[in-house]
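The block underneath contains the structure these notes are about, expressed in structure tokens.
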Amino acid sequence: MHNVDIDLVEMTLDVIKFAIKRITDTDPQLGFPKSEAELSALVGETVTPEGISGEKAFALFRDVLIKASIPINHPRHLAFVPASPTRAAVMFDLVTSAANVHGAFWLEGAGCIFAEMQAMRWLVKLTGMPAPAFGVFTSGGTEANLSAMVAARENWRALDESKKTTRGIVIAAISAHSSVRAMAKVIDVDVISVQTEDCFEAAQLNETLENLTPEDRSRVFAVIATGGTTNAGIIDDLDGIAEICKRENLWFHVDAAYGGGALAAKSVRHLFNGIEHADSVTIDPHKWLFSPYDCGAVIYRDPEQAKAAHAQEGSYLDIFSDPGAQGFNPSDYQIQLTRRIRGLPLWFSLAMHGTNRYEKAVEDGIALAQTAGRLITEVEHTELVREPSLSCVLFRRHGWTAEDYRNWTYKNHKAGFALVAPTKVRHGSEFETVARFCFINPDTTETDIKAILETMK
Ligand SMILES: *Cc1c(COP(=O)(O)O)cnc(C)c1O
């Protein structure tokens, strides 16, 4: 047996105390980044042959490093896609680490994987995809999109030997997330961009397909639609696109990394109609399902297709597919092999709170976007660029240039008041800089929104 070091026990208590304080903090500080040079001056060298002691390292973390980092769950952090993990999920993230379980194979992680699978079953049910649809938790939406695209491409080639060396094409709107193009680079396929930042309509897909040369048409293997664009919360015409994909024998992927949480909200669920026909779906629980980082998910209509693409082989892995070790191996359905049981914090929080609480918390985000829309319209100096969609609100301050928006962002952030960043919208070939809110945190209030709009006067 190892001796337990009493200093380590005391250190653990300090660390846990910090964690509890952070988890239960109802008035978090926004934090502001420092330059690497500033941090070097404050922190010095921490990785040394003898070590600097846990006490000292922790003090530097608590007093310097964490203050130069932004808590994503700050109620006035409304930039990008913020997050708001439940306290239960964050707490259980600590437990997940302490449990030290390998999450790739049933043989090693059976009990924990079983729990992850129950959380996954709820996600699958939200999509309405029929049995045997199922999925796995990934490091995020990027890996989920990559895993889905690899499955799609491999399936396309498996069905037609002549495609073995053909460079594939996927079709996606320009409003699709940047990770779609990044992942197309990884797997070396071309992307044909449908020129719309608004809803990607079935008619536009038809037109795109009709305009292809027969050679290019034979290279298209997948269409990617978005269930809640990252910039504006727009949901593409999933039903119409699904129908064309079926007719044309194309893999239909829905990227709902941000918007997927809204599948739980009855007020908007109908906007996602057609998602049940997808061959694969991406949802990021670390965005709108209140999970800590990092937790994405990919769901497949036919998990066997994904397994054929992803299961790794090696003599050292044989035991994991032995009948004696049988069970669900999450690594068979994604790019990653060794993995933490990253769905466990979501599972615990779901089990503790029940799914109704999730539905309510997502509806709160949607309601905040509606409230913001009303306030922006009421206030003299601002107006909506478009109606709020899901929890995204795009708006402009009359008379402001791109530089005004940028200065405003820095000013609010430096003051420790709010983090709200500008974005761009397209008008034909022109881009306009505008302001954007994205609501995730149900603790954000109408007062917060009013106060932020005040800072634009
Ligand atoms: C955020 C996002 C992604 C990327 O997800 P990560 O978890 O950051 O890898 C992909 N697609 C959409 C629509 C997103 O909003």
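The values are calculated or read from the model by the stated rules, or taken from the named source; none is laboratory data. Remember, it's a predicted structure, so these values are computed and weren't measured experimentally. Here the Cβ is made from the backbone with ideal geometry for all residues, glycine too, and neighbour counts use every protein chain on show.
Total residues in region 237-263 satisfying the condition of being more than 11 Å from the ligand (Cβ to nearest atom), in a loop (DSSP other than H, G, I, E, B) and either buried (at least 24 other Cβ atoms within 10 Å of the Cβ) or of a type outside the set (A, V, I, L, M) (or both): the figure is 2.
Within region 315-328, does at least one residue satisfy the condition of being more than 14 Å from the ligand (Cβ to nearest atom) and closer than 21 Å to S139 by Cα?
Restricting attention to region 315-328, the residues satisfying the condition of being more than 14 Å from the ligand (Cβ to nearest atom) are 315-328.
Of the ones still in play, those that are also closer than 21 Å to S139 by Cα are 328.
Scanning region 315-328, I find at least one residue that is more than 14 Å from the ligand (Cβ to nearest atom) and closer than 21 Å to S139 by Cα, so the answer is yes.
Can you tell me which residues in region 131-155 are part of a strand (DSSP E or B) and within 16 Å of the ligand (Cβ to nearest atom)? Give the steps one after another, and end with the answer.
Taking region 131-155 first, the residues part of a strand (DSSP E or B) are 134-138.
Of everything in region 131-155, those that are part of a strand (DSSP E or B) and within 16 Å of the ligand (Cβ to nearest atom) turn out to be G135, V136, F137, T138.
Taking the condition of being surrounded by 10 or more Cβ atoms within 10 Å (Cβ to Cβ) and without any contact (Cβ under 8 Å) to a residue 24 or more places away in the chain, how many residues in region 39-59 meet it? Give the steps one after another, and end with the answer.
Residues of region 39-59 that are surrounded by 10 or more Cβ atoms within 10 Å (Cβ to Cβ), as a first pass: 39-44, 46, 51-59.
Those still in the list that are without any contact (Cβ under 8 Å) to a residue 24 or more places away in the chain too: 40-44, 46, 51-53, 56-57, 59.
Qualifying residue count, region 39-59: 12.
Checked against (1) more than 26 Å from T165 (Cα to Cα); (2) of a type in the set (D, E, K, R); (3) more than 11 Å from the ligand (Cβ to nearest atom), R217 passes all but condition (1).
Can you find even one residue in region 210-228 that is buried (at least 21 other Cβ atoms within 10 Å of the Cβ) and free of Cβ contacts under 8 Å to residues at least 40 places away in the same chain?
Initially, region 210-228 is screened for residues buried (at least 21 other Cβ atoms within 10 Å of the Cβ), giving 220-228.
Those left that are additionally free of Cβ contacts under 8 Å to residues at least 40 places away in the same chain: none.
No.
For A232, indicate whether it is away from the ligand (no atom under 16 Å from the Cβ), among the aliphatic types (A, V, I, L, M) and under 21 Å from E363 (Cα atoms). Judged against the criteria, A232 is not a match. As an exercise: evaluate E304 against (1) surrounded by fewer than 20 Cβ atoms within 10 Å (Cβ to Cβ); (2) within 11 Å of the ligand (Cβ to nearest atom) and give the number of the one condition it does not meet. Looking at each condition in turn, E304 falls short on (2). Considering region 437-457, the residues that are under 15 Å from P75 (Cα atoms) and of a type in the set (D, E, K, R) include one that is surrounded by the most Cβ atoms within 10 Å (Cβ to Cβ), namely D448.
Return the residues of region 157-204 that are of a type in the set (S, T, N, Q) and farther than 24 Å from E243 by Cβ; say none if nothing qualifies. Within region 157-204, S162, T165, T166, S178, S179 qualify. Of all the numbered requirements in (1) surrounded by fewer than 16 Cβ atoms within 10 Å (Cβ to Cβ); (2) not in a helix (DSSP H, G or I), A158 misses one, and that requirement is (2).
Note on region 264-281: among residues that are assigned to a helix (DSSP H, G or I) and under 15 Å from G233 (Cα atoms), the one that is farthest from the ligand (Cβ to nearest atom) is H270. Close Cβ contacts (under 9 Å, 6 or more residues apart or on different chains) running from residues in region 264-280 that are in the same structural domain as I235 (by TED's automatic domain parsing) and among the acidic types (D, E) to residues that are in a loop (DSSP other than H, G, I, E, B) and modelled with pLDDT of 95 or more comprise E276/G128; E276/M129; E276/P130; E276/A133; D279/L250; D279/R301; D279/D302. Pull up region 374-410, narrow it to residues that are among the basic types (K, R) and farther than 13 Å from K457 by Cα, then point me to the one that is nearest to the chain's Cα centre (by Cα). Checking each candidate, the answer is R386.
A Cβ distance below 9 Å, combined with a sequence gap of six or more or placement on separate chains, defines the contacts here; from region 12-24, residues that are touching a residue at least 60 places away in the same chain (Cβ under 8 Å) reach residues that are surrounded by 14 or more Cβ atoms within 10 Å (Cβ to Cβ) and among the basic types (K, R) in the pairs I23/R87; T24/R87.
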